[in-house]
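Quick notes on the structure that follows.
The values are calculated or read from the model by the stated rules, or taken from the named source; none is laboratory data. Not measured: the values here are computed from a predicted model. Cβ placement follows ideal geometry from the backbone for every residue including glycine, while neighbour counts extend to all protein chains displayed.
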Amino acid sequence: MRTLNASGCLDALTAPDVARSLDAFVTKTVTPSPREGNAPVRIAETDVGMLNSIGLANPGRAAFLAETLPQLRELGVPVWISVGGFAAHEYAETCSQLDDVTIELNLSCPNVEEAADTAAAIVAACRAATKLPLFAKLSPANWDISEVARAVQAAGADGLSLVNTMRGTALDESLRPRLGTPSGGLSGPALKPVALAAVYACWRATHMPIVGMGGVMTGRDALELVAVGAQDVALGTVLFRDPDAPNRVRSELAAELAALGVGDAEEVRGVAHESGIETLLSLTR
Ligand SMILES: Cc1cc2nc3c(=O)[nH]c(=O)nc-3n(C[C@H](O)[C@H](O)[C@H](O)COP(=O)(O)O)c2cc1C
């Protein structure tokens, strides 16, 4: 199991040591043109997690490729680039300009208007534009996410990143929205059951490599995502609280696996689809 950061949750250039503690660094989503993002307030704490309405603030493709990417390569950590856009050809143009990275297609940001093209059409355009590994990051705000997963697999995706945030609203004392926008993306502990359900359904439907994310705070959370089918796990909101989370979650996971008598997380992958850990233990005994 590799430990990654979730897109938008770590600035590798201001926290290079945290980035180096990951198995791969995932960038904030890059769009063709620069974006200032939404008006402040952009972050609000809630009882069950965090709301953000960043709105894909980023320097745009040209500045990213010329200035940010060369510095990221110097970190010595594999780089995943999160690619965004507002039409399939915009995503594809960015993909065609990349090399020696993994691409995560952000098909799911709740803070910008929906891309007009479907997830599968975007993946197909990108597949035609690059041979690099393509991970499709999907929204959990879809009643049958496994349908979308099957469609992006058929369109040529190599893997899935699950899940992005879900839309939520928080009110202040005066009963007005706390964010500068009425709603934002909900992340953190509240998202974990949503992420488990999405990974479970998509792994069952596709058996593709999956980067699981959504409310991972502990090694146990990572173990559960692997049990429903994730190959790798990404840390998002937890990094704002605990920059040492990559090392901590890894060692907690190792302790969880040792307690189960299992050497490697891969052995636990998908056990939730059988009869849980009992099946695995009876096989290994
Ligand atoms: C402040 C913030 C910014 C984010 N920016 C992006 C982004 O640019 N692209 C993207 O695909 N996901 C973005 N996300 C979503 C995360 O990558 C992740 O899918 C989500 O937060 C769930 O994981 P978590 O509960 O561990 O935070 C952002 C999340 C937060 C909290």
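Structure values in brief
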| quantity | calculated |
| --- | --- |
| Region 168-184 - residue that is in contact with a strand residue (DSSP E or B) (Cβ under 8 Å, 6 or more places away or on another chain) and surrounded by 15 or more Cβ atoms within 10 Å (Cβ to Cβ) and, of those, nearest to residue 43 (Cα to Cα) | 179 |
| Selection status of residue 88, closer than 18 Å to residue 124 by Cα, more than 14 Å from the ligand (Cβ to nearest atom) and either of a type in the set (Asp, Glu) or modelled with pLDDT under 95 (or both) | yes |
| From 149, 119, 136, residue being modelled with pLDDT of 95 or more, buried (at least 23 other Cβ atoms within 10 Å of the Cβ) and farther than 18 Å from residue 6 by Cβ | 149 |
| Subset of region 185-229 that is touching a residue at least 40 places away in the same chain (Cβ under 8 Å) and under 11 Å from residue 270 (Cβ atoms) - its residue that is surrounded by the fewest Cβ atoms within 10 Å (Cβ to Cβ) | 204 |
| Pairs with Cβ under 6 Å, 6+ apart, first in region 96-109 and over 10 Å from residue 82 (Cβ atoms) and within 14 Å of the ligand (Cβ to nearest atom), second assigned to a loop (DSSP other than H, G, I, E, B) and polar (S, T, N, Q) | 108/139; 108/164 |
| Every residue from region 50-75 that is within 20 Å of residue 90 (Cα to Cα) and within 16 Å of the ligand (Cβ to nearest atom) | 55, 56, 57, 58, 59, 60, 61, 63, 64, 68, 69 |
| Number of the exception - residue 82 against (1) surrounded by fewer than 19 Cβ atoms within 10 Å (Cβ to Cβ); (2) within 23 Å of residue 226 (Cβ to Cβ); (3) within 15 Å of the ligand (Cβ to nearest atom) | (1) |
| Among residues of region 44-72, those that are in contact with a helix residue (DSSP H, G or I) (Cβ under 9 Å, 6 or more places away or on another chain), within 17 Å of residue 9 (Cβ to Cβ) and without any contact (Cβ under 8 Å) to a residue 60 or more places away in the chain, counted | 1 |
| Boolean, residue 218 is within 16 Å of the ligand (Cβ to nearest atom), closer than 30 Å to residue 14 by Cβ and out of contact with any strand residue (DSSP E or B) (no Cβ under 8 Å at 6 or more places or on another chain) | yes |
| Residue within region 254-276 that is under 21 Å from residue 19 (Cα atoms), part of a helix (DSSP H, G or I), over 19 Å from the mean Cα position of the chain (by Cα) and modelled with pLDDT of 95 or more present | yes |
